[in-house]
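The values are calculated or read from the model by the stated rules, or taken from the named source; none is laboratory data. In this text, all values refer to a predicted model and were calculated from it rather than measured experimentally. Cβ placement follows ideal geometry from the backbone for every residue including glycine, while neighbour counts extend to all protein chains displayed.
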Amino acid sequence: MAEYESIHGTRVKYLSSDPTLDSSTEGQVWYNSTTGTNKVLSQIKAWSSGGNLGTSRRYISGCGTQASIVAFGGFKPGAGNETELYNGFSWSEVNNLGTAAYSKGAAGTQTAALAFGGSPAVCESWDGSNWTSSPAMNNGQRNFGSCGIQTAALAFGGRPEPSVIAKTEEWNGTAWSESNDLNNGVRNNMGSGTQTAALNSGGYSDPNGAMSAVTEEYNGTSWTTSPGSMNEARMASATNTGGIQTSALVYGGNPPASAATEQYDGISWVNTTSMSTARGQTGGGGTATAAIVYGGTPPNSGGTAATEEYNSNINAITQSAWSSGGSASSSARNRALGGTQTAAFMSGGYNGANSQTRATEEYNGSSWTSGGDLSPQGNPDGGTYSGAACGTQTAGLFSGGSSQGSTDYYFNVSYEYDGSSWGSPATWTAPGLNGIQLFGTQTAAVNAGGSRPGQPLDRNYEYDGSSWTTGTTLPEGKRSGGQSGILTAGVIFGGSNPGLSPSSPSSTFHYDGTNWTAGGTMNFGSNGGQSATASSTDTISYQGSDGSSDTGRSQLYNGTAWAIDATAATVTSSLRSGAGTSGAALSAGGSPNAVQEYEGGTEVVTASTLTTS
């Protein structure tokens with residue numbers, strides 16, 4: 001048997017501890033004398049579940065990266081015109097194709113795509129929002145391989161009924177032209193790469209009545225057959241449309257439905273981790289190290305909405321996710337929430353029928369217990385709702401809010417919480433408000449925006465632990481938005497303003513203790529959601545309404561840009577304030593009475609232990 005040194009030209013290192021784990025260590029083998037184990041840092045290759053399509057279908061087409069796909073058309077049965085966008089966690093339906101079709105070619109990105117051929121064989125361009133008609137292909141085929149970008153696409157193989165063809169067509173952004181044929185006519189073949197460096201894999205040859213494992217490479221002029229054939233002959237597989245000619249991935253296919261995944265290095269194909277569900281007639285995208293599959297036909301099914309993601313990385317990847325927490329005692333909504341995921345407090349709330357609560361509950365990460373009751377100043381009818389909270393469980397701050405009863409009240413007071421009881425109120429000079437944005441600590445906070453009946457306001461007050469003083473007004477009025485950070489480095493975002501279009505603005509504003517400046521634009525406005533009490537450059541917005549419906553979606557902010565993240569299992573509304581951080585957030589106090597905990601995704605470099613069997 002060959003030894004490691006004779007194969008790799010080096011000996012296995014003998015170390016007392018693991019070396020620094022990074023890309024420079026990848027592929028190395030060493031012996032850890034402390035643990036008595038042989039170890040290696042290698043690529044971790046795995047498929048994991050993603051969010052389901054809104055509409056189940058097969059022969060679906062699409063393009064883009066793993067976290068940014070546009071998918072369109074498909075057979076459900078009958079041609080479909082649905083267009084859906086994937087953000088790495090969930091799909092959302094957007095404007096439909098102009099013509100319902102299936103088995104189309106695809107090229108480009110989520111914001112600049114081309115859909116061409118198919119049944120019927122029409123060509124349309126996508127600008128990220130709308131489809132427009134483009135000139136049709138010369139051969140009108142469907143079930144063909146495709147790749148490229150919106151202005152330089154490539155189509156090859158396929159069939160105009162009833163037979164296969166070997167035709168190749170190039171798109172220059174204006175018109176289609178024919179190029180040299182494939183060496184082997186196939187349909188339901190797979191394509192990846194660019195217009196000048198493309199890869200064709202597998203397919204089905206009608207004259208021979210057999211599936212193919214042949215691979216061909218295109219150099220922008222002609223095709224040559226690669227010496228490396230796939231290990232499994234297949235058709236109607238998915239491929240990483242954003243891949244390159246020398247680093248491609250093919251997965252799934254039929255018949256029969258396959259779960260096999262193969263990777264191409266420009267010379268040969270090797271098997272890698274299989275999908276969890278065998279399927280063919282799917283959509284795909286991404287790269288050879290971060291791919292995606294969606295839709296298709298698994299065994300005994302007329303179509304699926306399931307999505308899977310493939311990752312090949314030296315890091316062990318854990319996706320961010322929401323899970324259920326301990327149930328709160330009160331079912332009141334519009335409750336103010338503050339603190340951390342494992343030490344939170346929640347006060348006030350609306351019970352309906354002009355009834356609100358004074359109650360405070362405290363959370364320890366698993367269960368809720370009663371805390372000290374609020375005593376809203378000047379309100380003979382009891383509690384308050386739609387106030388805001390910040391600070392910690394033992395040094396919290398509650399501000400604003402309103403009540404309904406024999407008289408409607410809007411409170412212009414704040415209260416400090418010590419973990420058991422609320423102190424005397426501190427009053428600001430303006431009229432009382434609900435739906436304010438409150439961030440900071442118990443002794444240094446900002447109270448901005450909010451509303452009484454009518455237009456949201458742009459006013460701003462700062463708290464020093466004893467009194468409120470006027471600060472610089474907001475660039476625009478906001479109520480029921482998100483907030484995060486401290487007095488000298490805070491941020492507010494989203495919210496509601498009926499005087500703006502849209503009424504759920506996606507704007508973000510940073511505060512430095514003196515002035516407001518514009519920040520990154522949210523992917524969608526979030527009205528009435530929550531945000532963790534993290535920093536202005538590391539926060540999360542979750543739940544809320546986009547102006548038309550409650551979403552359950554999350555967005556992460558790094559101080560510059562927003563990125564869409566995991567969707568909560570239970571969509572809730574009527575939420576206020578927030579608790580936790582961008583990696584460990586808490587959602588509570590809305591409708592329905594669902595407590596949910598968020599854990600951020602992680603990537604950790606992990607060495608594997610070598611064993612014998």
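Selection of the stretch 469-489 for residues being more than 27 Å from L586 (Cβ to Cβ) and outside any loop (DSSP other than H, G, I, E, B) yields T469, T470. Taken together, the residues in the stretch 262-286 that are over 24 Å from the mean Cα position of the chain (by Cα) and not in a loop (DSSP other than H, G, I, E, B) amount to 8. Examine the stretch 128-145 for a residue that is within 17 Å of I60 (Cβ to Cβ), modelled with pLDDT of 95 or more, more than 27 Å from the chain's Cα centre (by Cα) and not charged (D, E, K, R), and state whether such a residue exists. Checked the stretch 128-145: at least one residue is within 17 Å of I60 (Cβ to Cβ), modelled with pLDDT of 95 or more, more than 27 Å from the chain's Cα centre (by Cα) and not charged (D, E, K, R). For the stretch 295-346, filtering for residues that are under 18 Å from G365 (Cα atoms) and either part of a strand (DSSP E or B) or of a type in the set (D, E) (or both) leaves 11. With respect to the conditions (1) assigned by TED's automatic domain parsing to the domain that holds G391; (2) more than 18 Å from A343 (Cα to Cα); (3) out of contact with any strand residue (DSSP E or B) (no Cβ under 6 Å at 6 or more places or on another chain), Y557 lacks only one, and its number is (3). The single residue among G98, G62 that is touching a Phe, Trp or Tyr at 6+ places or on another chain (Cβ under 8 Å), crowded, with 24+ Cβ neighbours inside 10 Å and in the same structural domain as E308 (by TED's automatic domain parsing) turns out to be G62.
Scanning for something buried (at least 19 other Cβ atoms within 10 Å of the Cβ), in contact (Cβ under 8 Å) with a residue 40 or more places away in the chain, under 26 Å from E309 (Cβ atoms) and not aliphatic (A, V, I, L, M), does the stretch 148-156 turn up at least one residue? Break it down stepwise before answering.
Quick first cut of the stretch 148-156, residues buried (at least 19 other Cβ atoms within 10 Å of the Cβ) only: 148-150, 153-156.
Going one step further and asking which of them are in contact (Cβ under 8 Å) with a residue 40 or more places away in the chain, we end up with 148-150, 153-156.
So of that shortlist, the ones also under 26 Å from E309 (Cβ atoms) come out as 148-150, 153-154.
So of that shortlist, the ones also not aliphatic (A, V, I, L, M) come out as 148, 150.
Yes, because at least one residue in the stretch 148-156 is buried (at least 19 other Cβ atoms within 10 Å of the Cβ), in contact (Cβ under 8 Å) with a residue 40 or more places away in the chain, under 26 Å from E309 (Cβ atoms) and not aliphatic (A, V, I, L, M).
The listed residues are A248, A213, and the only one of them that is free of Cβ contacts under 8 Å to residues at least 24 places away in the same chain, under 12 Å from S201 (Cα atoms) and not in a loop (DSSP other than H, G, I, E, B) turns out to be A213.
Per the listing E170, E216, E178, E124, the residue uniquely assigned by TED's automatic domain parsing to the domain that holds S68, among the acidic types (D, E), over 27 Å from G80 (Cβ atoms) and under 34 Å from the mean Cα position of the chain (by Cα) is E170.
Out of the stretch 583-607, which residues are outside any loop (DSSP other than H, G, I, E, B), touching a Ser or Thr at 6+ places or on another chain (Cβ under 6 Å) and more than 12 Å from N334 (Cα to Cα)?
Our first condition is that a residue be outside any loop (DSSP other than H, G, I, E, B); within the stretch 583-607, this holds for 584-587, 591, 596-599, 602-605.
Subsequent filtering for residues that are touching a Ser or Thr at 6+ places or on another chain (Cβ under 6 Å) retains 591, 596-597, 602.
The answer is Q596, E597, T602.
Consider the stretch 14-41 and keep the residues that are surrounded by 15 or more Cβ atoms within 10 Å (Cβ to Cβ) and assigned to a loop (DSSP other than H, G, I, E, B). The one that is modelled with the lowest pLDDT is L41.
Taken over the stretch 449-468, the criterion of being part of a loop (DSSP other than H, G, I, E, B) and closer than 25 Å to L500 by Cα is satisfied by G449, G450, R452, P453, G454, Q455, P456, L457, D458, R459.
Say whether the condition of being part of a strand (DSSP E or B), over 38 Å from the mean Cα position of the chain (by Cα), surrounded by fewer than 24 Cβ atoms within 10 Å (Cβ to Cβ) and of a type in the set (S, T, Y) is met by at least one residue in the stretch 418-430. Give the steps one after another, and end with the answer.
Going through the stretch 418-430, the residues part of a strand (DSSP E or B) turn out to be 422, 426-427.
Going one step further and asking which of them are over 38 Å from the mean Cα position of the chain (by Cα), we end up with 422, 426-427.
Checking which are surrounded by fewer than 24 Cβ atoms within 10 Å (Cβ to Cβ) leaves us with 422, 426-427.
Subsequent filtering for residues that are of a type in the set (S, T, Y) retains 427.
Scanning the stretch 418-430 turns up at least one residue that is part of a strand (DSSP E or B), over 38 Å from the mean Cα position of the chain (by Cα), surrounded by fewer than 24 Cβ atoms within 10 Å (Cβ to Cβ) and of a type in the set (S, T, Y).
Criterion first (assigned to a strand (DSSP E or B) and under 12 Å from T83 (Cα atoms)) does A115 satisfy it? Yes, satisfied.
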